[in-house]
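Remarks on the structure that follows.
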Amino acid sequence: MLTHPSIVLTLRRHHLFSQLPEKVFEEVCALAMLKRLSCHSTLMHQGDPAKRFFLLVSGQIKLYRLTGEGQENLVEIIQPGQTFAEALLFSQARLYPVSATALKDSVLVSIEGSHYRSALEDQPKVCLAILASMSVHLHLRLRDIDTLTMASASRRVINFLFQERNPLTNRIVLQVSKRLVASKLGIQPETFSRILHRLVDSGLIAMERRNISILAEEDLAAFQ
């Protein structure tokens, strides 16, 4: 049962729960659990029965898939305030399609999926909010697929920099290791580092550890 006041409030403010009547929300909290994961601990494995979904309160969670050859492909990095695995509530999928591992010490709320789905039957506003959230995720996945299938390695890196930059400062702070970024872009870590150094040598970006600054926006966009 979820009782911690600040975490209950965090859950209540999320769009998946903000429209629920108080009684229904209390019932959801009664079946929710607080879960703590130490860094590098696994929350779920690809292929496990999909019975619950999650809200990340603090920390960082890596979602990834393993290929038949055992290669790890990064799907998404979950940040505090985000939910994940909720899309499975509305599909016929019975198994998690990804694995989830903590990149930092993490605190999560684990929500019982079948009960939450039943609670939505008379809540059209919540259903619309969930559809909007899924639409955003689908758009992001399609964008990722386009990047991986249509762009060269250099173009993937440049697109990533533009997607991740702060538009006010033209700076990017890598939230995960370069190895994980390379995995998400479908290239080897050595290739990712080599492209970054080429961009530095060309005077297009400046880099200090995980901090990257775009110095010449138009030239970077046109770089081949």
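The values are calculated or read from the model by the stated rules, or taken from the named source; none is laboratory data. Worth saying up front: this structure is predicted, and the values here are computed from it rather than measured. Note that each Cβ is placed from the backbone with ideal geometry, even for glycine, and that neighbours are counted across all protein chains shown.
So which of Ser193, Ser154, Ser133 ends up being farther than 19 Å from Asn211 by Cα and surrounded by 13 or more Cβ atoms within 10 Å (Cβ to Cβ)? Residue meeting the stated conditions: Ser133. Considering (1) within 26 Å of His15 (Cα to Cα); (2) not in a loop (DSSP other than H, G, I, E, B), the lone condition that Gln175 does not fulfil carries the number (2).
Applying the criterion of at least 1 residues that are without any contact (Cβ under 8 Å) to a residue 60 or more places away in the chain and aliphatic (A, V, I, L, M) to the strands (runs of 3 or more DSSP E) found wholly in segment 31-130 leaves 42-44, 52-58, 61-66, 72-78, 99-102. Suppose we filter segment 200-214 for residues that are surrounded by fewer than 15 Cβ atoms within 10 Å (Cβ to Cβ) and in a loop (DSSP other than H, G, I, E, B); how many remain? Total meeting the criteria: 4. Quick check: is even one residue across segment 55-67 farther than 22 Å from Leu174 by Cα, surrounded by fewer than 18 Cβ atoms within 10 Å (Cβ to Cβ) and of a type outside the set (Asp, Glu)? Yes, that holds for at least one residue. Every residue in segment 13-42 that is over 16 Å from Phe53 (Cβ atoms) and either outside the structural domain of Ser58 (by TED's automatic domain parsing) or in contact with a Ser or Thr (Cβ under 9 Å, 6 or more places away or on another chain) (or both), please. Answer for segment 13-42, where residues must be over 16 Å from Phe53 (Cβ atoms) and either outside the structural domain of Ser58 (by TED's automatic domain parsing) or in contact with a Ser or Thr (Cβ under 9 Å, 6 or more places away or on another chain) (or both): Arg36, Ser38, Cys39, His40, Ser41, Thr42. The residue of segment 182-199 that is farthest from Arg156 (Cα to Cα), among those that are in a helix (DSSP H, G or I) and in contact (Cβ under 8 Å) with a residue 60 or more places away in the chain, is Ser183.
When Gly186 is tested against (1) modelled with pLDDT of 90 or more; (2) surrounded by 13 or more Cβ atoms within 10 Å (Cβ to Cβ); (3) within 21 Å of the chain's Cα centre (by Cα), only condition (1) is not met.
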